[in-house]
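The values are calculated or read from the model by the stated rules, or taken from the named source; none is laboratory data. For clarity, every value in this text was computed on a predicted model and none was experimentally measured. All Cβ positions, even for glycine, are placed from backbone atoms using ideal geometry, and neighbour counts span all protein chains on display. Accessible surface areas use protein heavy atoms only, side chains included; no ligands, DNA or RNA. Shrake-Rupley method; radii C 1.70, N 1.55, O 1.52, S 1.80 Å.
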Amino acid sequence: VLLPITAGGSFVFSAWVRVNEAYRGRGISAVLGGFDAIADWTADPLSFNQWQRVWVTANLPADAREISCFITADAGIGDVVQSASWCLERGNRPTGYGFSL
């Protein structure tokens, strides 16, 4: 998703993911596209059928006016990952209360 923002600064994007038991991939991550991550927490690809929170933080330049948030999976054809409760917030750690800009 591509979202407009009023200014750069510290942002954290988080989401809940659930890995299907047939998943054979190696990793699932939250990404703030185009910006280097300061910290992140990835999913355990072997924790099948359990909801896990993935998140990433980044500092955007002051003149940034949009931010791209997505989830990436190193997976094969047919591997299934569900996601829910996507959350973008200002700050360095996720609180998880929706889009709080």
Per the list (1) touching a residue at least 60 places away in the same chain (Cβ under 8 Å); (2) closer than 22 Å to THR95 by Cβ; (3) loosely packed, with under 14 Cβ neighbours inside 10 Å, residue check on VAL12 breaks on (3)
Assuming SER85 fulfils every condition listed in (1) farther than 15 Å from VAL1 by Cβ; (2) in contact (Cβ under 8 Å) with a residue 24 or more places away in the chain; (3) surrounded by fewer than 14 Cβ atoms within 10 Å (Cβ to Cβ) apart from one, which condition is it? (1)
Count - residues of segment 61-84 that are over 21 Å from TYR23 (Cα atoms) and touching a strand residue (DSSP E or B) at 6+ places or on another chain (Cβ under 6 Å): 4
Considering segment 41-58, residues that are outside any loop (DSSP other than H, G, I, E, B) and either in contact with a helix residue (DSSP H, G or I) (Cβ under 8 Å, 6 or more places away or on another chain) or open to solvent by 80 Å² or more (accessible area, probe 1.4 Å) (or both), and then whichever is nearest to LEU2 (Cα to Cα), we arrive at TRP41
Verdict on LEU60 being aliphatic (A, V, I, L, M) and closer than 14 Å to VAL12 by Cα: yes
Taking segment 65-81 on its own, how many of its residues are assigned to a strand (DSSP E or B) and either in contact with a helix residue (DSSP H, G or I) (Cβ under 8 Å, 6 or more places away or on another chain) or loosely packed, with under 15 Cβ neighbours inside 10 Å (or both)? 4
Check ILE38 against each of (1) open to solvent by 50 Å² or more (accessible area, probe 1.4 Å); (2) closer than 12 Å to TRP16 by Cβ; (3) among the β-branched types (Val, Ile, Thr) and name the one condition it does not meet. (2)
